[in-house]
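A.B. asks: One structure is given below, represented as structure tokens, and several questions about it will come after.
The values are calculated or read from the model by the stated rules, or taken from the named source; none is laboratory data. Computed from a prediction, not measured in an experiment: that's the story for all the values here. Note that we place each Cβ from the backbone using ideal geometry, even for glycine, and neighbour counts take in every protein chain shown. Quick note on the areas: whole protein, heavy atoms, side chains included, nothing else; ligands and nucleic acids left out. Shrake-Rupley method; radii C 1.70, N 1.55, O 1.52, S 1.80 Å.
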Amino acid sequence: MTVVDDARTETAGTRRSGRGTGGADAEGAMAVGTAARELQLKRGEFVIAVHLGLIGLTRPQHGGRPRVGYGEVERLRSQEGFPDALRARVRTVGTAQGARQLGISPDRFTRLARAGCFTPIAFYLNRYRAIVWLYLADEIADFADREPRLLAGRSPAWLLGRLADGADCRARNWRSRRVERLYSLTEDPWARAAVLAETLDPVQLAEVVDDPYERAYLARIMPEPALGPSGPPWARETMAHLMRADEPDEMLWRRVTLLMELDNARDARPAPRPDGAWREPTHTGPRAGSTSGQDDPADADADTASSADVSSGPAPHQEAGRSAAGVAEPPVGLLARIGLRRRVHRAPDRRSTRPRRAPMGG
């Protein structure tokens, strides 16, 4: 029974904040397997500790397996209560253990988990290839202190209604937790875009990122498992499937966020191309630092179209998009850019023949 590895590493020199000195190169660091033994952690415990940010990993800039600095190991070993205190922070429970900890039935525990009352930290596949979710024991204890009314008596209407609709928030919450953690490790916009790209299937990714060289670059810098590939191929396929958004609203949010992150990445630097050329990107719709369009993408799309009608001339970034006749092409709205609305390019001298609608009450 192996915990599927969902932790990731940082490239040396890109960490925003560290919990210890850590080793940024091979000379001052040890292999992760050695570090796990020094810290008296099992593989699954070590992975969770990395995921929670308790252990800092670095990958040398010249490539190679991730490593753990000697100073990082010494810092953890010198903490009070080592190793029991460290192992307690990464201790996980399954459904049966979590139910006993809360004093409820396993069925009620599963209903609470499906409704999103607590978030899984990891999972493994049993011998029937079924997903078994694991939860932090500390978070289960915090939930019991915070929501004692959900542990006894009749479940509230909102929870029953959510379950009646077939909701299962476990995979979605696990993905969100993982994305937030990886986001906290880097400020590089291309690396952040790669984290989001991993949450979309290839078809949706191609709709959002239509440049094949950009997609290849995102695939190359996507986060890699901290301890390398683990488990048989079918286990890794299950892991890849769980990483992808599977609900319409989640997919839409990931696509919109990826699009805004791509705008920031293209402004920072172009993705590498074999010929050294770079296609000037079209920046329309809301920016990552803007709040407009994030709550209602349709409004952003309409605003972009209306601004083109009243504009006295093309914006600087539209110069590259002029047609052969010298007329600026209309900007592409946000919904079209994420593949949810067809891109319509009208001829400049063609007038609409659709009859006008009669006024109300006429």
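A.B. asks: Condition check: in contact with a Phe, Trp or Tyr (Cβ under 6 Å, 6 or more places away or on another chain) and part of a helix (DSSP H, G or I). Does ALA141 satisfy that?
C.D. replies: no
A.B. asks: Another question, if that's okay. Using the structure shown, decide if PRO233 is surrounded by fewer than 16 Cβ atoms within 10 Å (Cβ to Cβ), over 17 Å from ALA194 (Cβ atoms) and modelled with pLDDT of 90 or more.
C.D. replies: no
A.B. asks: Need pairs with beta-carbon distance below 6 Å; first residue part of a helix (DSSP H, G or I) and within region 185-197, second of a type in the set (Gly, Ala, Ser) and crowded, with 21+ Cβ neighbours inside 10 Å; sequence gap 6+ or separate chains.
C.D. replies: Qualifying pairs under 6 Å: PRO189/ALA265; TRP190/ALA265; ALA193/ALA265.
A.B. asks: Just checking, which of TYR135, TYR128 is modelled with pLDDT under 95 and among the hydroxyl-bearing types (Ser, Thr, Tyr)?
C.D. replies: TYR128
A.B. asks: May I ask you to list the residues in region 205-220 that are charged (D, E, K, R) and closer than 12 Å to LEU259 by Cα?
C.D. replies: Scanning region 205-220 gives GLU207, ASP210.
A.B. asks: What are the pairs with Cβ atoms under 8 angstrom where one residue, in region 238-254, is within 10 Å of ALA171 (Cα to Cα) and the other, located anywhere, is among the β-branched types (Val, Ile, Thr) and buried (at least 18 other Cβ atoms within 10 Å of the Cβ)? Sequence gap at least six, or different chains.
C.D. replies: Pairs found: MET243/THR199; ARG244/THR199; ALA245/THR199.
A.B. asks: While we're looking at this one, here's another question. Of everything in region 169-183, what is over 11 Å from VAL195 (Cα atoms) and among the charged types (D, E, K, R)? Give them in sequence order.
C.D. replies: Hits for region 169-183 are ARG170, ARG172, ARG177.
A.B. asks: So if I check each of ARG91, ARG77, ARG67, which one is within 28 Å of GLU224 (Cβ to Cβ), open to solvent by 40 Å² or more (accessible area, probe 1.4 Å) and over 27 Å from the mean Cα position of the chain (by Cα)?
C.D. replies: Testing whether each residue is within 28 Å of GLU224 (Cβ to Cβ), open to solvent by 40 Å² or more (accessible area, probe 1.4 Å) and over 27 Å from the mean Cα position of the chain (by Cα) leaves just ARG77.
A.B. asks: Please go through region 77-124 and pick out each residue that is outside any loop (DSSP other than H, G, I, E, B) and among the β-branched types (Val, Ile, Thr).
C.D. replies: Across region 77-124, the qualifying residues are THR92, VAL93, THR95, THR110.
A quick yes/no check of all residues on (1) open to solvent by 40 Å² or more (accessible area, probe 1.4 Å); (2) closer than 21 Å to LEU52 by Cβ:
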residue: VAL132; (1), (2): no, yes
residue: ASP145; (1), (2): yes, yes
residue: PRO148; (1), (2): yes, no
residue: GLY153; (1), (2): yes, no
residue: ARG172; (1), (2): yes, yes
residue: GLU198; (1), (2): no, yes
residue: ASP201; (1), (2): yes, no
residue: GLU214; (1), (2): no, no
